[in-house]
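What follows is a single structure, written as structure tokens, with notes after it.
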Amino acid sequence: MTSEIKVDTISEQTSANGVTIDGLTIKDGNIQGSPALVGTTPSFTIGDGGAEDTKIVFDGNALDYYIGLDDSADDLVIGTGSTVGSNNLITIDSSGKIGVGESVPLGKMHIKSADSGASVNGVADELVLENSSRSGMTILSGNSSIGTIAFGDDGSNTIGSINYDHSSNALTFFANGSETARFDSSGNFLLGTSATTAGNEGLVYFNGSSLRVTRDSDEPLNLDRRTNDGAMAVFQKDGTPIGNIGVSSSNFVVQSSVSDKDILFKGNDGGSTITALTLDMSEAGVATFNSSINTTGILNTVNNSLLIIGGGNATNAGANLTMYGGASGSAGAFRFRNATTVTANITASGQIEAVSGGVSTPTFAFTTDPNTGMTRPTTDTLQFVTGGAEAMRITSGQTISTGGESSPDVGAGGLGLDQNANDDAIITFKSSDVAHGMTSSVETDTYAIFKKQSATKGGLQIRAFAEDNPNERINIDAQGDGDVTESTSTSTKGAICLISSNKSGSGQGSMNANGNILSIANYSATRFLFEGNGDFHADGGSNTFDEYEDAQLVRAYDLSHGRGVIDSKFDKFVSYNHEKLADLRLVGREEDGTPNHFINVTGFQRLHNGAIWQQYEKHQRLAEAVYEMAKEALGKDKADAILNKHDIKLLN
């Protein structure tokens, strides 16, 4: 091919810069010398925009290099030789990714020694290092300086970092601007601390040696097994498991792994290692204490032992736990302490002693219910607690009270019930034989209750519930040796005495004269009332027996009663007998229907009132008859004068 040089314009320059050539084209030839492109915006274009590869070749003595455009891939490549696309060393693709040893880079810069077959995650593709075997990166620093891989954000350009300090040969890790972990020059791993000396809070793993965890508070080591039971920590000897600590059904388990091997508890006694306790882990194993540890104070030297488990000798045959304490009257055979304070003690005579607790922590309680039990609030007093509140106490005065009452109004042996502000029954009586069915009032097996009459003002309500008893539902039986006082006065009391009174100052006094001291009711209807002045009121629902001769009814009862009755010539005119009195419910009847002398007081009171009225009416009628006769015989004026003289008033 013929070489060709085409020049559009050649301009002569007066300066020392030579000649300016515009539009220079060189084909199939060489340029010798050192041409330079000068000016404010010089440019040099290779290619004419067609679909061809372009390149700059560096002709070397032994090896050629090129920089060129791989037009088919739209990549800028650097390689060896003179042919674009062969032996690529560096590739810059159209998206700006750079590949070193990789023609299709997987990240912003992809350095590849050999193909690993792996892909790259999009969150970490700024720099990709690849090799088919080991792959690495080296940061070279001075032998007294630090090499760093830093992690930054808009708040700090070194919020996190990995550093190698060549002066101390320590690899350190920083998070949130502070050191969190390091490997020192001895291979020790430090977490949360920068020093291996004891007393510093943090974790130190000594290379090939041990692990030390130090905390100012909380647990230095917390092992959590989430689902299955099993070992939490396994202990081995030369690779063979010897024992483990674990959990089983929420139980804490210390387990020996080797058959028939013991668990030893060792201590230091005067600089010598001693075995204080040996647990024989065979099925028939026993616990053995080293009796030479402390024998001071052993007063009973049977088997030279302070504690015997499993029977001991013939003296204690069958006993699972035997403890030998001091002689009678000594401090105790068994004692619990909290530091220097004695919290519980079993004396040589067998008495159990413990310190007094509060209502939330009673002295004697239960493992699953520690605020329920018994304690002592003060000297010579017992307090029974449920749910952290006092339920009952027995005082030094031998009184019993409930509800937190410390001063019941009773004497020795008395019972004071305090229900505080509750309004339900304070005492109930029950029997499984009773089933009255009145469940809207009480449970069906309750036959009596005591409760407040008024929720806020007090008083007493006594209620009895019977299943089908037609007679006695409340029976008050006052028995005594000999008769009660037979006198009749306002100061005399009977065998059964009901007393009502009013408050007088801080004590009590008489009720008002018209105050009702006793009432008797049929459910909600009152039938009898007794007043403070002694008056007795009965329900006036029944009128007098005006259709009968009331006076004769009274006389009939007197005759039927038959005691202390003087016959009168008028008695033959009494036409009412005992049977009629029973029919009129003036007297009662026996179960067989025979009339008796259980009189109806209210009925007879009505009879007496009726008899008086009947006599009054008869007197009036007699007076009217006499008056009429006087008018006929003497005239009206003389008849009126007779009435006035004798002070007789006619109804009309």
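Step by step: first the residues of the range 585-613, then only those that are surrounded by fewer than 16 Cβ atoms within 10 Å (Cβ to Cβ) and touching a Gly at 6+ places or on another chain (Cβ under 9 Å), then the one that is modelled with the highest pLDDT. Which residue is that?
Within the range 585-613, the subset surrounded by fewer than 16 Cβ atoms within 10 Å (Cβ to Cβ) is 585, 588-594, 596-599, 601, 605, 608-609, 612-613.
Filter once more, so that each one left must be touching a Gly at 6+ places or on another chain (Cβ under 9 Å): 585, 596-599.
Values: 585: 76, 596: 79, 597: 71, 598: 68, 599: 68.
Within the range 585-613, the match that is modelled with the highest pLDDT is 596.
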Inset, instruction - Residue by residue through the range 244-286, note down the ones that are among the β-branched types (Val, Ile, Thr) and within 38 Å of the chain's Cα centre (by Cα). - result: 245, 247, 253, 254
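So is residue 56 assigned to a strand (DSSP E or B), farther than 30 Å from residue 151 by Cα and in contact (Cβ under 8 Å) with a residue 12 or more places away in the chain or not? Break it down into steps so the answer makes sense when it comes.
Values: assigned to a strand (DSSP E or B): yes; farther than 30 Å from residue 151 by Cα: yes; in contact (Cβ under 8 Å) with a residue 12 or more places away in the chain: yes.
When the stated conditions are applied, residue 56 passes them.
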Legend entry - Contacts under 9 angstrom Cβ, first residue in the range 367-387 being farther than 19 Å from residue 400 by Cα and β-branched (Val, Ile, Thr), partner open to solvent by less than 80 Å² (accessible area, probe 1.4 Å) and at pLDDT below 95, 6 or more apart: none
Legend entry - Qualifying residues in the range 225-237 (those that are in a loop (DSSP other than H, G, I, E, B) and either in contact (Cβ under 8 Å) with a residue 12 or more places away in the chain or under 16 Å from residue 261 (Cα atoms) (or both)) - the one least open to solvent (accessible area, probe 1.4 Å): 229
Inset, instruction - Read through the list (1) within 21 Å of residue 353 (Cα to Cα); (2) over 30 Å from the mean Cα position of the chain (by Cα), then give the number of the only condition that residue 412 fails. - result: (1)
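Just a yes or no: is a residue in the range 399-418 among the β-branched types (Val, Ile, Thr) and either within 30 Å of residue 523 (Cβ to Cβ) or exposed (fewer than 11 other Cβ atoms within 10 Å of the Cβ) (or both)?
Taking the range 399-418 and keeping what is among the β-branched types (Val, Ile, Thr), we get 399-400, 402, 410.
Among the residues that remain, those that are also either within 30 Å of residue 523 (Cβ to Cβ) or exposed (fewer than 11 other Cβ atoms within 10 Å of the Cβ) (or both) are: none.
Checked against the condition, which is being among the β-branched types (Val, Ile, Thr) and either within 30 Å of residue 523 (Cβ to Cβ) or exposed (fewer than 11 other Cβ atoms within 10 Å of the Cβ) (or both), the range 399-418 yields no hits at all.
If we only count strands (runs of 3 or more DSSP E) wholly inside the range 375-487, which ones have 1 or more residues that are small (Gly, Ala, Ser), in contact with a Lys or Arg (Cβ under 7 Å, 6 or more places away or on another chain) and farther than 27 Å from residue 503 by Cα?
The strands (runs of 3 or more DSSP E) meeting that bar are 446-454, 458-464.
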Legend entry - Every pair of residues 6+ apart whose Cβ atoms lie under 9 Å, when the first sits in the range 260-276 and is among the aromatic types (Phe, Trp, Tyr) while the second is surrounded by 10 or more Cβ atoms within 10 Å (Cβ to Cβ) and not in a loop (DSSP other than H, G, I, E, B): 265/275; 265/276; 265/277; 265/278; 265/279
Legend entry - Top-ranked residue in the range 154-168 [being assigned to a loop (DSSP other than H, G, I, E, B) and open to solvent by 50 Å² or more (accessible area, probe 1.4 Å); ranked as nearest to residue 194 (Cα to Cα)]: 168
Inset, instruction - Could you list all residues from the range 71-127 that are surrounded by fewer than 18 Cβ atoms within 10 Å (Cβ to Cβ) and among the basic types (Lys, Arg)? - result: 108
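For residue 138, indicate whether it is over 60 Å from the mean Cα position of the chain (by Cα), within 22 Å of residue 173 (Cβ to Cβ) and either surrounded by fewer than 17 Cβ atoms within 10 Å (Cβ to Cβ) or at pLDDT below 95 (or both). Working first, answer last.
Details: over 60 Å from the mean Cα position of the chain (by Cα): yes; within 22 Å of residue 173 (Cβ to Cβ): yes; either surrounded by fewer than 17 Cβ atoms within 10 Å (Cβ to Cβ) or at pLDDT below 95 (or both): yes.
Against the criterion (over 60 Å from the mean Cα position of the chain (by Cα), within 22 Å of residue 173 (Cβ to Cβ) and either surrounded by fewer than 17 Cβ atoms within 10 Å (Cβ to Cβ) or at pLDDT below 95 (or both)), residue 138 qualifies.
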Inset, instruction - Go through the residues of the range 284-294 one by one and say whether even a single one is modelled with pLDDT of 75 or more, surrounded by 13 or more Cβ atoms within 10 Å (Cβ to Cβ), of a type in the set (Phe, Trp, Tyr) and in a strand (DSSP E or B). - result: yes
Legend entry - Given (1) over 52 Å from the mean Cα position of the chain (by Cα); (2) closer than 17 Å to residue 194 by Cβ; (3) not in a loop (DSSP other than H, G, I, E, B), index of the condition residue 171 fails: (1)
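Listed here are the residues, each with its yes/no results for (1) open to solvent by less than 80 Å² (accessible area, probe 1.4 Å); (2) at pLDDT 90 or above.
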| residue | (1), (2) |
| --- | --- |
| 443 | no, yes |
| 451 | yes, yes |
| 454 | yes, yes |
| 457 | no, yes |
| 465 | yes, yes |
| 469 | yes, no |
| 475 | no, yes |
| 481 | no, no |
Legend entry - Per-region count, the range 614-642, residues touching a helix residue (DSSP H, G or I) at 6+ places or on another chain (Cβ under 8 Å) and either at pLDDT below 85 or open to solvent by 100 Å² or more (accessible area, probe 1.4 Å) (or both): 3
Legend entry - Residues within the range 345-364 that are surrounded by 17 or more Cβ atoms within 10 Å (Cβ to Cβ), modelled with pLDDT of 90 or more and not in a loop (DSSP other than H, G, I, E, B), tallied: 0
Legend entry - Some residue of the range 255-266 being farther than 30 Å from residue 185 by Cα, loosely packed, with under 12 Cβ neighbours inside 10 Å and touching a strand residue (DSSP E or B) at 6+ places or on another chain (Cβ under 9 Å): yes
Legend entry - Of all residues in the range 238-254 being under 23 Å from residue 211 (Cβ atoms) and not in a strand (DSSP E or B), the one that is most open to solvent (accessible area, probe 1.4 Å): 238
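The values are calculated or read from the model by the stated rules, or taken from the named source; none is laboratory data. Small disclaimer: the values here were computed from a predicted structure and weren't measured. Because the Cβ atoms are built from the backbone with ideal geometry, glycine has one as well, and the counts that use them run over all protein chains shown. Please note that ligands, DNA and RNA were not included when accessible areas were found on the heavy atoms of the full protein model with its side chains. Shrake-Rupley method; radii C 1.70, N 1.55, O 1.52, S 1.80 Å.
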